[in-house]
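J.: So that we are looking at the same thing, I have put the structure below in structure tokens.
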């Protein structure tokens, strides 16, 4: 490696937190200084650039690999053949909480922290992503790719802080020591950004996703104090059938003995009863969970009176006349002293 090339690599890598001593300890392989190339052949990257991507968390589940992470993963492995794409999409039930893997816009790039060559390659990519462009725009390639945040070796870099912060974790994989995690905003995920097109992309809202797959479900939380109906981030397709499963209990007044589930309630914590039967009016359906104007639930295991006083789990099959989001709300006019929530699983059948 020529001295000038090494100096350039050292200067770039130290900007992302790797000391010169640690950098030199990784070795001076020329491959470490190689960085990915823009795929725009006929058109140069524009002088304009995308705004810093804002955080767009996963809201609906669509575990299908999106073209942006796919293309970026292919670019990285072509540039660094000793690395790999670990995964992009994961199943809706693969982990608790939200994850951009569940809607196919997170890339796990395989590189392990004990491999000096791969560590050097990771830091070369970071230096490339965070460098200024000819117009002086910071984090230029990261913005042109639509990357929201990166996790690597017990640290996270997010566009909200624009600095490396400690990442709480346990274990090599959970601490991202055997891979680098990249999460993309929707413009980046759908490969609409200037890195791929040569045109600056405006901030993009999540797509109007119509949930039609039978391969995975959507999971929702309806809070008891919610003063407005929860509008699902996905739409159901007109004419298709969906199984809704609701579980859990919540406190509908200050007393802990006053509890309810999707269909039944108790005043003493022991005797559960349904307040009304069937899809009628809201005035006779107090404390029921309403879904787009319907509220009749069948207990998955009956304990009498239309209730499930043990598992508090209920189901029904619904078919909708129009393609639209669902509206979910616990009907309780005096909800300000409520506490808790219900879990709703929507499964296309």
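The values are calculated or read from the model by the stated rules, or taken from the named source; none is laboratory data. The structure presented is a predicted model; accordingly, all values stated were derived computationally and were not measured. Positions of Cβ are backbone-derived with ideal geometry, glycine not excepted, and every protein chain shown enters the neighbour counts.
J.: Going residue by residue through region 222-232, is there one that turns out to be buried (at least 18 other Cβ atoms within 10 Å of the Cβ), farther than 30 Å from residue 80 by Cβ, in contact with a helix residue (DSSP H, G or I) (Cβ under 7 Å, 6 or more places away or on another chain) and outside the structural domain of residue 68 (by TED's automatic domain parsing)?
T.: Among the residues of region 222-232, at least one is buried (at least 18 other Cβ atoms within 10 Å of the Cβ), farther than 30 Å from residue 80 by Cβ, in contact with a helix residue (DSSP H, G or I) (Cβ under 7 Å, 6 or more places away or on another chain) and outside the structural domain of residue 68 (by TED's automatic domain parsing), which makes the answer yes.
J.: Scanning for something assigned by TED's automatic domain parsing to the domain that holds residue 67, at pLDDT 95 or above and touching a strand residue (DSSP E or B) at 6+ places or on another chain (Cβ under 8 Å), does region 186-205 turn up at least one residue?
T.: The answer is yes; a qualifying residue exists.
J.: What number of residues in region 299-319 are touching a strand residue (DSSP E or B) at 6+ places or on another chain (Cβ under 8 Å) and not in a strand (DSSP E or B)?
T.: 8
J.: Given the structure, is residue 322 in a loop (DSSP other than H, G, I, E, B) and without any contact (Cβ under 8 Å) to a residue 24 or more places away in the chain?
T.: The answer is no for residue 322.
J.: Looking at 73, 68, 97, which is the one that is out of contact with any helix residue (DSSP H, G or I) (no Cβ under 9 Å at 6 or more places or on another chain), in contact (Cβ under 8 Å) with a residue 24 or more places away in the chain and either surrounded by 16 or more Cβ atoms within 10 Å (Cβ to Cβ) or closer than 27 Å to residue 212 by Cβ (or both)?
T.: One residue alone meets the criteria, 73.
J.: Next question. Please go through region 57-110 and give me each residue that is under 26 Å from residue 194 (Cβ atoms), assigned to a loop (DSSP other than H, G, I, E, B) and in contact with a strand residue (DSSP E or B) (Cβ under 8 Å, 6 or more places away or on another chain), ordered by number.
T.: 59, 62, 66, 83, 88, 105
J.: Please indicate, with yes or no, whether at least one residue in region 169-182 is closer than 24 Å to residue 48 by Cβ and touching a helix residue (DSSP H, G or I) at 6+ places or on another chain (Cβ under 9 Å).
T.: yes
J.: Is it the case, given these coordinates, that residue 163 is surrounded by fewer than 17 Cβ atoms within 10 Å (Cβ to Cβ), out of contact with any helix residue (DSSP H, G or I) (no Cβ under 8 Å at 6 or more places or on another chain) and closer than 13 Å to residue 126 by Cα?
T.: yes
J.: Does residue 48 satisfy being outside the structural domain of residue 230 (by TED's automatic domain parsing) and either at positive phi or in contact with a strand residue (DSSP E or B) (Cβ under 6 Å, 6 or more places away or on another chain) (or both)?
T.: no
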